[in-house]
Amino acid sequence: MQIVRTEVARATGPTGEPILRVLFCGEGGDCVTVDMARIEAGNDQTALERARAVLVQTATFGLAANDYDARSNGNFDEIAVTAANDENGGVYIFEYRDGESSRQVPPSWMPSYEAACEEAVRCAIELLTDRQPGTDDLSAWLVRVRDENGKLLCAIDVQQAEVARQIGQ
């Protein structure tokens, strides 16, 4: 993504703590937000450098989610979650199924419930491309979305992801 605009602001995190928020916007309107819990003294340039470091660490540091990934060549089943927010947005927690296990990613701000569900469908389609007929369970959920209290809001299963993929082709 070619960065065309950045913003640095102090904000309040989902649990009420002060955070430093850096917004990177690219051509075509794609944006990535980095929220940093430790607010350190410094200028906007220092905040941008720290946010860039967080993005690099996130992109290059993979953890094995299961034994298969631990034995693999490092090509983990990673999911990229984008977060966006506005004054009407909410906090959503995405959970991804990886074989017999699942993992949740940190809460994300999304502009609406509909946007969170659309993101879940997009991620489920990505997960679907990694599934192997005959070896992977192709009947269960792939992505679930919960609210900030953990209440299940929606779940995208294999069949829903396949239909969405066919519609998008």
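The values are calculated or read from the model by the stated rules, or taken from the named source; none is laboratory data. Please read these numbers as outputs of a predicted model, since none were measured by experiment. Note: ideal-geometry Cβ built from the backbone for every residue, glycine included; neighbour counts use all protein chains shown. To get the accessible areas, we keep the full protein, side chains included, count just its heavy atoms, and leave off ligands, DNA and RNA. Shrake-Rupley method; radii C 1.70, N 1.55, O 1.52, S 1.80 Å.
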Contact list, first residue from region 10-30 and within 18 Å of Ser108 (Cβ to Cβ), second anywhere and of a type in the set (Lys, Arg) and surrounded by fewer than 16 Cβ atoms within 10 Å (Cβ to Cβ), beta-carbon distance below 7 Å, six or more apart or interchain, is Leu20/Arg10; Cys25/Arg5
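Tell me yes or no: at least one residue of region 92-103 is of a type in the set (Gly, Ala, Ser), modelled with pLDDT under 75 and either part of a loop (DSSP other than H, G, I, E, B) or open to solvent by 40 Å² or more (accessible area, probe 1.4 Å) (or both).
Within region 92-103, the subset of a type in the set (Gly, Ala, Ser) is 99, 101-102.
Next, only the ones that are modelled with pLDDT under 75 stay: 99.
Restricting the remaining residues to those that are either part of a loop (DSSP other than H, G, I, E, B) or open to solvent by 40 Å² or more (accessible area, probe 1.4 Å) (or both) gives 99.
Yes, region 92-103 contains at least one residue that is of a type in the set (Gly, Ala, Ser), modelled with pLDDT under 75 and either part of a loop (DSSP other than H, G, I, E, B) or open to solvent by 40 Å² or more (accessible area, probe 1.4 Å) (or both).
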Only unsatisfied item for Gly168, checking (1) modelled with pLDDT under 85; (2) within 18 Å of the chain's Cα centre (by Cα); (3) among the small types (Gly, Ala, Ser), is (2)
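Collect the residues in region 12-29 that are surrounded by 13 or more Cβ atoms within 10 Å (Cβ to Cβ) and under 21 Å from Asp44 (Cβ atoms), keeping them in residue-number order.
Correct list: Gly13, Ile19, Leu20, Arg21, Val22, Leu23, Phe24, Cys25, Gly26.
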Restricted to region 103-119 and to residues being among the hydrophobic types (A, V, I, L, M, F, W, C) and in contact with a strand residue (DSSP E or B) (Cβ under 7 Å, 6 or more places away or on another chain), the residue farthest from Ile19 (Cα to Cα) is Cys117
Gln45 meets each of (1) surrounded by 11 or more Cβ atoms within 10 Å (Cβ to Cβ); (2) of a type outside the set (Val, Ile, Thr); (3) outside any strand (DSSP E or B); (4) at pLDDT 70 or above with one exception, condition (1)
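Somewhere in region 121-128, is a residue within 18 Å of the chain's Cα centre (by Cα), modelled with pLDDT of 90 or more and β-branched (Val, Ile, Thr)?
Residues of region 121-128 within 18 Å of the chain's Cα centre (by Cα): 121-128.
Now narrow it down to the ones that are modelled with pLDDT of 90 or more: 121.
So of that shortlist, the ones also β-branched (Val, Ile, Thr) come out as 121.
Within region 121-128 (the criterion being within 18 Å of the chain's Cα centre (by Cα), modelled with pLDDT of 90 or more and β-branched (Val, Ile, Thr)), the answer is yes, since at least one residue qualifies.
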